[in-house]
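Peer 1: Quick one: structure below, then a few questions.
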Amino acid sequence: MIRATHTRDGAGDAPDAARPILAGVVTALVGYTSSFAVVLTGLAAVGATPGQAASGLLALSLTMGLACILLSWRTRMPITVAWSTPGAALLAATGSMEGGWAAVVGAFLVVALLILLTGVWPLLGSIVARIPPSLAQAMLAGVLLPLCLAPVTGLVANPWGVLPVVLTWLVFARLAPRWAVPLAFAAAAIVVIAGLAAEGASVPAAALLPHVELTVPTVTVGSLIGIALPLYIVTMASQNVPGVAVMQSFGYRVPWRPAMLVTGVATALAAPAGGHAVNLAAISAALAAGPDAGPDRTRRWIAGVSTGVSYLVLAAAASVFATLVVLAPAAVIPAVAGLALLGAFGSAVQQAIDDPGERMPAVVTFLVAASGVSFLGVSAAFWALAAGLLVRVVLHTGRR
């Protein structure tokens, strides 16, 4: 039985269902349009075809929507879930894997199993908690660095295509920060459409219809160590744990076990169709749980349900978004993805070097992750974490 813990603010205010509903729609729109390009980029980098990437986006949208509705409805709290944007960035930095796309899908299923085990086996959560947050954030920052450079390199490679995107982002980062990345993508979409019109090209209607492509998973040592383990750690450290903290800051105590079970099942359902990870929302959670969802905190759960319904509606457009990414001129979509990750990169760097005693291991972790080196078929993310832990042990052993 899932129990809710909440209090009531503004009891004298008249109920206003429109505010939490609108807050949920905004939460879904901002979260979706701000990071779907990162998801498609990550899936393509590890071997997904355009059709498989579109299928993954559709599967994630559907499972996210259903998870939002279930958790919010049962707990009467505005619990929202999202895909793992840092996890997608990790995939983008990992590249192709031995065993191909089937091995990657197998790694996604392993991540689902680990999330489920986190909910039912407290010891696993304790083990994850013992990984120094500075190293986890340094690994994430190193993974994000090459992606965040894309707007800079894109301005050189394709200035006429990338400049409108960057300028749009810059203007709205000042005027309406939460809409800066969605509007940057809108500018990219205009660039794509204008290019197609100039070339007289057309898009087959069938390519715009939502579809699912299932893959029979396989498991390899490289995919387990190089994708599953880093993806699980990044998802827990950068999404689930901060997501709980954000909700707690608004007075909601998220039921940990049910949340992990629901997101773990959602990840398992999305994986065969190409979805990488479903988790608690972190940054976007504040939009549904905060004052924008209404003065009465006992009614903000409606925003969580509204978010889920909005994700289900957006799922119908997954193939449209994927097609725009495929047709985009060189460097345009990577620039959008890089802009979307700037905030996450800045936060990861700050947390990585915040503790002077952990700074050197964090720097080593960051550099190895940013190098992109692959050894024995295992990606740089794993070696970065291993190197950081080794340096930490050497520097700290025998010291108080």
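Peer 1: Looking only at segment 14-27, filter to residues that are open to solvent by 60 Å² or more (accessible area, probe 1.4 Å), in a helix (DSSP H, G or I) and of a type outside the set (Lys, Arg); which one of those is modelled with the lowest pLDDT?
Peer 2: So the first thing to find is which residues in segment 14-27 are open to solvent by 60 Å² or more (accessible area, probe 1.4 Å), and the list is 14-16, 18-19, 21-22.
Pick out the ones that are also in a helix (DSSP H, G or I) and you get 18-19, 21-22.
Among the residues that remain, those that are also of a type outside the set (Lys, Arg) are: 18, 21-22.
Details: 18: 84, 21: 91, 22: 91.
Top of the filtered list is 18.
Peer 1: Another question, then. In segment 351-364, how many residues are at pLDDT 90 or above and open to solvent by 20 Å² or more (accessible area, probe 1.4 Å)? So that I can check it myself, show each step before the final result.
Peer 2: To start, the set of residues in segment 351-364 that are at pLDDT 90 or above comprises 360-364.
Next, only the ones that are open to solvent by 20 Å² or more (accessible area, probe 1.4 Å) stay: 360, 363-364.
Summing the residues that are at pLDDT 90 or above and open to solvent by 20 Å² or more (accessible area, probe 1.4 Å) in segment 351-364 gives 3.
Yes/no per residue for (1) open to solvent by 10 Å² or more (accessible area, probe 1.4 Å); (2) in contact with a Ser or Thr (Cβ under 9 Å, 6 or more places away or on another chain):
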{"position": "232", "(1), (2)": "no, yes"}
{"position": "235", "(1), (2)": "no, yes"}
{"position": "244", "(1), (2)": "yes, no"}
{"position": "250", "(1), (2)": "yes, no"}
{"position": "256", "(1), (2)": "yes, yes"}
{"position": "260", "(1), (2)": "no, yes"}
{"position": "266", "(1), (2)": "no, yes"}
{"position": "270", "(1), (2)": "no, yes"}
{"position": "274", "(1), (2)": "no, yes"}
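Peer 1: Is it true that some residue in segment 365-376 is free of Cβ contacts under 8 Å to residues at least 12 places away in the same chain, among the aliphatic types (A, V, I, L, M) and surrounded by fewer than 24 Cβ atoms within 10 Å (Cβ to Cβ)?
Peer 2: Yes, because at least one residue in segment 365-376 is free of Cβ contacts under 8 Å to residues at least 12 places away in the same chain, among the aliphatic types (A, V, I, L, M) and surrounded by fewer than 24 Cβ atoms within 10 Å (Cβ to Cβ).
Peer 1: Condition check: modelled with pLDDT of 90 or more, assigned to a helix (DSSP H, G or I) and open to solvent by less than 60 Å² (accessible area, probe 1.4 Å). Does residue 153 satisfy that? Break it down into steps so the answer makes sense when it comes.
Peer 2: Details: modelled with pLDDT of 90 or more: yes; assigned to a helix (DSSP H, G or I): yes; open to solvent by less than 60 Å² (accessible area, probe 1.4 Å): no.
Against the criterion (modelled with pLDDT of 90 or more, assigned to a helix (DSSP H, G or I) and open to solvent by less than 60 Å² (accessible area, probe 1.4 Å)), residue 153 does not qualify.
Peer 1: So if I check each of 38, 30, which one is open to solvent by 10 Å² or more (accessible area, probe 1.4 Å), assigned to a helix (DSSP H, G or I) and either under 26 Å from residue 299 (Cβ atoms) or in contact (Cβ under 8 Å) with a residue 60 or more places away in the chain (or both)? Lay out the reasoning, then the answer.
Peer 2: Details: 38 fails: open to solvent by 10 Å² or more (accessible area, probe 1.4 Å).
Only one candidate qualifies: 30.
Peer 1: Which fully enclosed helices (runs of 4 or more DSSP H) of segment 291-361 have 1 or more residues being in contact with a Ser or Thr (Cβ under 9 Å, 6 or more places away or on another chain) and farther than 28 Å from residue 204 by Cβ? Walk me through how you get there before you give the answer.
Peer 2: Numbers: elements: 301-315, 318-327, 332-340, 342-353.
Fully inside segment 291-361 and qualifying: 301-315, 332-340, 342-353.
Peer 1: Can you find even one residue in segment 231-243 that is under 28 Å from residue 211 (Cα atoms), at pLDDT below 95, among the β-branched types (Val, Ile, Thr) and in contact with a Pro (Cβ under 9 Å, 6 or more places away or on another chain)?
Peer 2: yes
Peer 1: Please tell me if residue 336 is among the aliphatic types (A, V, I, L, M), out of contact with any Asp or Glu (no Cβ under 8 Å at 6 or more places or on another chain) and more than 20 Å from residue 180 (Cα to Cα).
Peer 2: Details: among the aliphatic types (A, V, I, L, M): yes; out of contact with any Asp or Glu (no Cβ under 8 Å at 6 or more places or on another chain): yes; more than 20 Å from residue 180 (Cα to Cα): no.
So residue 336 fails the test.
Peer 1: Another question, if that's okay. Looking at (1) surrounded by 23 or more Cβ atoms within 10 Å (Cβ to Cβ); (2) modelled with pLDDT of 95 or more, find the lone condition where residue 70 falls short.
Peer 2: (1)
Peer 1: Please pick out the residue among 262, 254, 278 that is in contact (Cβ under 8 Å) with a residue 60 or more places away in the chain and in contact with a Phe, Trp or Tyr (Cβ under 7 Å, 6 or more places away or on another chain). Working first, answer last.
Peer 2: Working: 262 fails: in contact with a Phe, Trp or Tyr (Cβ under 7 Å, 6 or more places away or on another chain); 254 fails: in contact with a Phe, Trp or Tyr (Cβ under 7 Å, 6 or more places away or on another chain).
The unique qualifying residue is 278.
Peer 1: Within segment 46-58, can you find the residues that are within 17 Å of the chain's Cα centre (by Cα) and either open to solvent by 10 Å² or more (accessible area, probe 1.4 Å) or not small (Gly, Ala, Ser) (or both)? Break it down into steps so the answer makes sense when it comes.
Peer 2: Restricting attention to segment 46-58, the residues satisfying the condition of being within 17 Å of the chain's Cα centre (by Cα) are 46, 53-58.
Answer for segment 46-58, where residues must be within 17 Å of the chain's Cα centre (by Cα) and either open to solvent by 10 Å² or more (accessible area, probe 1.4 Å) or not small (Gly, Ala, Ser) (or both): 46, 57, 58.
Peer 1: Quick one: would you say residue 320 is surrounded by 23 or more Cβ atoms within 10 Å (Cβ to Cβ) and touching a helix residue (DSSP H, G or I) at 6+ places or on another chain (Cβ under 6 Å)?
Peer 2: Values: surrounded by 23 or more Cβ atoms within 10 Å (Cβ to Cβ): no; touching a helix residue (DSSP H, G or I) at 6+ places or on another chain (Cβ under 6 Å): yes.
So residue 320 fails the test.
Peer 1: Continuing with the same structure: Quick test for you: out of 128, 110, 81, pick the one residue that is surrounded by fewer than 24 Cβ atoms within 10 Å (Cβ to Cβ), modelled with pLDDT of 85 or more, of a type in the set (A, V, I, L, M) and out of contact with any His (no Cβ under 9 Å at 6 or more places or on another chain). Can you show your working first?
Peer 2: On the way: 128 fails: modelled with pLDDT of 85 or more; 81 fails: surrounded by fewer than 24 Cβ atoms within 10 Å (Cβ to Cβ).
The match here is 110.
Peer 1: A follow-up question, please. Kindly provide the set of residues from segment 206-229 that are open to solvent by 70 Å² or more (accessible area, probe 1.4 Å), within 25 Å of residue 143 (Cα to Cα) and part of a loop (DSSP other than H, G, I, E, B), ordered by number.
Peer 2: Passing the criteria: only 219.
Peer 1: Could you please let me know if residue 319 is under 25 Å from residue 62 (Cβ atoms) and in contact with a Gly (Cβ under 6 Å, 6 or more places away or on another chain)? Break it down into steps so the answer makes sense when it comes.
Peer 2: Details: under 25 Å from residue 62 (Cβ atoms): yes; in contact with a Gly (Cβ under 6 Å, 6 or more places away or on another chain): no.
When the stated conditions are applied, residue 319 does not pass them.
Peer 1: Name every residue in segment 323-339 that is within 17 Å of the chain's Cα centre (by Cα) and open to solvent by 30 Å² or more (accessible area, probe 1.4 Å), in order of residue number.
Peer 2: Once the filter is applied, which keeps residues that are within 17 Å of the chain's Cα centre (by Cα) and open to solvent by 30 Å² or more (accessible area, probe 1.4 Å), segment 323-339 yields only 334.
Peer 1: Using beta carbons and a limit of 8 Å, which pairs, at least six apart or on different chains, have the first residue in segment 69-98 and in a helix (DSSP H, G or I) and the second one among the aromatic types (Phe, Trp, Tyr)?
Peer 2: These pairs meet every condition: 72/301; 73/301; 75/301.
The values are calculated or read from the model by the stated rules, or taken from the named source; none is laboratory data. Everything numeric here is computed off the predicted structure, so don't read it as measured data. FYI the Cβ positions are ideal-geometry reconstructions off the backbone, even for glycines, and counts take in every protein chain you see. Keep in mind that these areas ignore ligands, DNA and RNA; they rest on the heavy atoms of the full protein, side chains included. Shrake-Rupley method; radii C 1.70, N 1.55, O 1.52, S 1.80 Å.
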